[in-house]
Amino acid sequence: MRIFIPSIVLAIAYAIASCSARTVQYPSHIRVKRNSYIVQLHPTAHAGCVQAIPGIQVSRNFDMFHGVAVSIDDSVHPSQVANIEGVKAVWPNRVFSLQYQNETTNGSGEYLHQATRVHQAHTELGLNGTGIKIGIIDTGVDYTHPDLGACWKTPN
């Protein structure tokens, strides 16, 4: 009996560790969207394995990444999502803030120079574009590619 109890404790500890390893926790200073996650699926799994669970809504299926974006109710914990058969990993959706301009302009002028550091090239490096030649090689876009969502089609 002494061997059996530590075996159970180790099995439980392993299960908790494997579950938490599949659920990513960001440091507290990183902002995340509440109850919103990216779920990576095993190569053989289908999005339906996640969609079938009450309290989980699939908001997007990804083509280039075998996974889905989900929103979960307060009754569902991310570790429960990680424990679904076919789920490889679960990441909270991070919130990123973009720099914005305080003035209302058409997106040109001094603001963009500050945001892209053009002003540094002008003032510190003395660059103003004199003598610069730009060549553009455009290979085109495969407008028939399915990932473009058939946006090239015109209405009948």
Worksheet, complete the sentence: Asp147 vs (1) closer than 30 Å to Pro78 by Cβ; (2) at pLDDT 80 or above: all pass except (2)
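Sort out for me the strands (runs of 3 or more DSSP E) sitting completely within segment 18-74 that have 2 or more residues that are in contact with a Leu (Cβ under 9 Å, 6 or more places away or on another chain). Working first, answer last.
Details: elements: 32-41, 56-61, 67-72.
Fully inside segment 18-74 and qualifying: 67-72.
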Item to complete: Look through segment 30-46, keep the residues that are under 17 Å from Arg60 (Cα atoms) and of a type in the set (A, V, I, L, M, F, W, C), and return whichever of them is surrounded by the most Cβ atoms within 10 Å (Cβ to Cβ).
Response: Val39
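Answer yes if at least one residue in segment 111-123 is part of a helix (DSSP H, G or I), among the hydroxyl-bearing types (Ser, Thr, Tyr), surrounded by fewer than 10 Cβ atoms within 10 Å (Cβ to Cβ) and modelled with pLDDT of 80 or more, and no otherwise. Step through it out loud before you land on a result.
At the first step, the residues of segment 111-123 found to be part of a helix (DSSP H, G or I) are 111-116, 118-123.
From what is left, the residues that are among the hydroxyl-bearing types (Ser, Thr, Tyr) are 111, 116, 123.
Going one step further and asking which of them are surrounded by fewer than 10 Cβ atoms within 10 Å (Cβ to Cβ), we end up with 123.
Now narrow it down to the ones that are modelled with pLDDT of 80 or more: 123.
The answer is yes, given that some residue of segment 111-123 is part of a helix (DSSP H, G or I), among the hydroxyl-bearing types (Ser, Thr, Tyr), surrounded by fewer than 10 Cβ atoms within 10 Å (Cβ to Cβ) and modelled with pLDDT of 80 or more.
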Practice prompt. Could you list, in sequence order, all residues of segment 129-148 that are assigned to a loop (DSSP other than H, G, I, E, B), surrounded by 10 or more Cβ atoms within 10 Å (Cβ to Cβ) and not charged (D, E, K, R)?
Written response: Tyr143, His145
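The values are calculated or read from the model by the stated rules, or taken from the named source; none is laboratory data. On a predicted model such as this, the values are computed, not experimentally measured, just so you know. Quick reminder, even Gly has a Cβ in these numbers, built from the backbone with ideal geometry, and neighbours come from all protein chains shown.
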